[in-house]
1. Of the numbered conditions (1) away from the ligand (no atom under 13 Å from the Cβ); (2) open to solvent by less than 20 Å² (accessible area, probe 1.4 Å); (3) not assigned by TED's automatic domain parsing to the domain that holds LEU211, PRO105 satisfies every one except a single condition; which is it?
2. May I ask you to list the residues in the range 144-163 that are in contact with a Gly (Cβ under 9 Å, 6 or more places away or on another chain), farther than 17 Å from SER13 by Cα and open to solvent by less than 50 Å² (accessible area, probe 1.4 Å)?
3. Within the range 17-41, track down each residue that is within 17 Å of the chain's Cα centre (by Cα) and within 8 Å of the ligand (Cβ to nearest atom).
4. Which one of these does PHE134 not meet: (1) open to solvent by less than 10 Å² (accessible area, probe 1.4 Å); (2) within 14 Å of the ligand (Cβ to nearest atom); (3) aromatic (Phe, Trp, Tyr)?
5. Got a number for residues in the range 27-59 being surrounded by fewer than 23 Cβ atoms within 10 Å (Cβ to Cβ) and under 30 Å from GLY360 (Cα atoms)?
6. In the range 189-203, how many residues are aliphatic (A, V, I, L, M), closer than 30 Å to ASN284 by Cβ and either open to solvent by less than 10 Å² (accessible area, probe 1.4 Å) or part of a loop (DSSP other than H, G, I, E, B) (or both)?
7. Tell me, which residue of the range 256-276 that is open to solvent by 40 Å² or more (accessible area, probe 1.4 Å) and in a loop (DSSP other than H, G, I, E, B) is nearest to PHE49 (Cα to Cα)?
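The values are calculated or read from the model by the stated rules, or taken from the named source; none is laboratory data. Keep in mind it's a predicted model, so treat the numbers as computed, not measured. Using ideal geometry, Cβ is built from the backbone for each residue, glycine included, and neighbour counts are taken over all protein chains shown. Protein only, heavy atoms only, side chains kept; ligands, DNA and RNA dropped before computing areas. Shrake-Rupley method; radii C 1.70, N 1.55, O 1.52, S 1.80 Å.
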Amino acid sequence: MKKKVAVIGAGISGITTAVLLQQNGFEVSVYTNEHPLKEIKNPYFGSQFPSASIIPHSVFHPDINEIFKLSQLFFSKLYEISFSGLTKHEHYELFAFEKSIDDYPNLINGYEALPDLKWHPKHPDIAIKSGWKFNCFFADWTDYFPQLIRIFLQNNGTFIYGTVDLNSYASINEDIVINCSGLGSAQLIDEESKPLILKGHLLKINNTVDLKSPNGNTVSYNFSAGPDIYADSFGTPLDVYCYPRKHDWILGGSRFKGTLDNQGNWVSEDELSQQFPPQIESLNSEIIKETFGIEISEFREKEYQYSYRYVRNKKNGLRIESENAPDRLIIHNYGHGGAGVTLSWGCAFSVLQMISEKSGILNTDITPEQALISLADGLTNL
Ligand SMILES: Cc1cc2nc3c(=O)[nH]c(=O)nc-3n(C[C@H](O)[C@H](O)[C@H](O)COP(=O)(O)OP(=O)(O)OC[C@H]3O[C@@H](n4cnc5c(N)ncnc54)[C@H](O)[C@@H]3O)c2cc1C
């Protein structure tokens, strides 16, 4: 008989974990208080909003590079088998000031930095002083997430609707419980500090065209115009971005710091966090006009949105660890900040490894290579 697992949460962390566990012989039920594809979106449910670049932005963990590398292995395999909605862009990260390079660009295929770049998106008036490009995976959310959910259901996965609280958590029947409840974890678990949240604003522009580089590749970018032009109330520079998808563009971004009060209301000392930042539209319009000769005003159908990235706090960051409960194995997988999609497969694999080590259910230690092969076989044979 298949061993049963309960996953709490139907976001990208929960569904990815569920699919990987199914491919490795588990029967999985996902407990959730909301359907992930619900039409009216809830800003507390991050997976209804991600721009879905596969880049580890706004997330903290001591082993972040390892988890990111692992996740990229899975995305590469999914790309090889043409998984629905998974695309690759020529992606640029550009700055109007000197910026030292982060760890992650070097971990991504096709990395090149200024001054060696032959071409990059441009702003008509703001000079670019530093930056780099790489070949970045993107998950086009309109296709990718529904496909993952279909796979979960086709593999006999079930959704169990309702809010899990600290009491009902204990009465879940399964011997293995994986907590992927995102921001819900701040309520579900006694965390010491108030949750650190980065509020993000998005502008979705519908029925757009593709943006191409001179090489004919789809282009996306993040651009930091400097603290005088776009920053939070405390002067920290923010970036804007444009990520083209099959039918629309997602323009962002903001990363305003704040938390939630006991009623779940947004609380922030940053007054700018209350409104949609006009720079998201203006800077992107100027770059797109200058680089691609396209007027954003040509496209009339627009949706202004916001949602919350749950960072926990900088010290503890992402929580991917098991808990010693007397009667069962509990594994936590939450606090992915701005990188829940990016880290989804790396974290799912860590969960699988923990189950293998702690429960003795799997006969041998599972390697990433084995998990990749069984995933690709399982998905191709559906
Ligand atoms: C504007 C914006 C842009 C972003 N862009 C990117 C990006 O480009 N790339 C990237 O990798 N990431 C991005 N992110 C981050 C990403 O969206 C999140 O990290 C990710 O969605 C978190 O997924 P999750 O499954 O961990 O949590 P969630 O998506 O929040 O899912 C939590 C689930 O748990 C359920 N739940 C919660 N509490 C309970 C409870 N008590 N009982 C039962 N069910 C419960 C919820 O209903 C939901 O199903 C972005 C986020 C924002 C806000």
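1. The one condition PRO105 does not meet is (3).
2. ASN155
3. PRO36
4. (2)
5. Total satisfying the criteria: 2.
6. Here the count works out to 2.
7. Among them, the one singled out is PHE276.
Residue-wise test of (1) in contact (Cβ under 8 Å) with a residue 12 or more places away in the chain; (2) assigned by TED's automatic domain parsing to the domain that holds ILE128; (3) surrounded by fewer than 22 Cβ atoms within 10 Å (Cβ to Cβ); (4) not in a helix (DSSP H, G or I).
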position: ILE280; (1), (2), (3), (4): yes, yes, no, no
position: THR291; (1), (2), (3), (4): yes, yes, yes, no
position: ILE294; (1), (2), (3), (4): yes, yes, yes, yes
position: ARG300; (1), (2), (3), (4): no, yes, yes, yes
position: TYR306; (1), (2), (3), (4): yes, yes, yes, yes
position: SER322; (1), (2), (3), (4): yes, no, yes, yes
position: ILE331; (1), (2), (3), (4): yes, no, no, yes
position: GLY346; (1), (2), (3), (4): yes, no, no, no
position: VAL351; (1), (2), (3), (4): yes, no, no, no
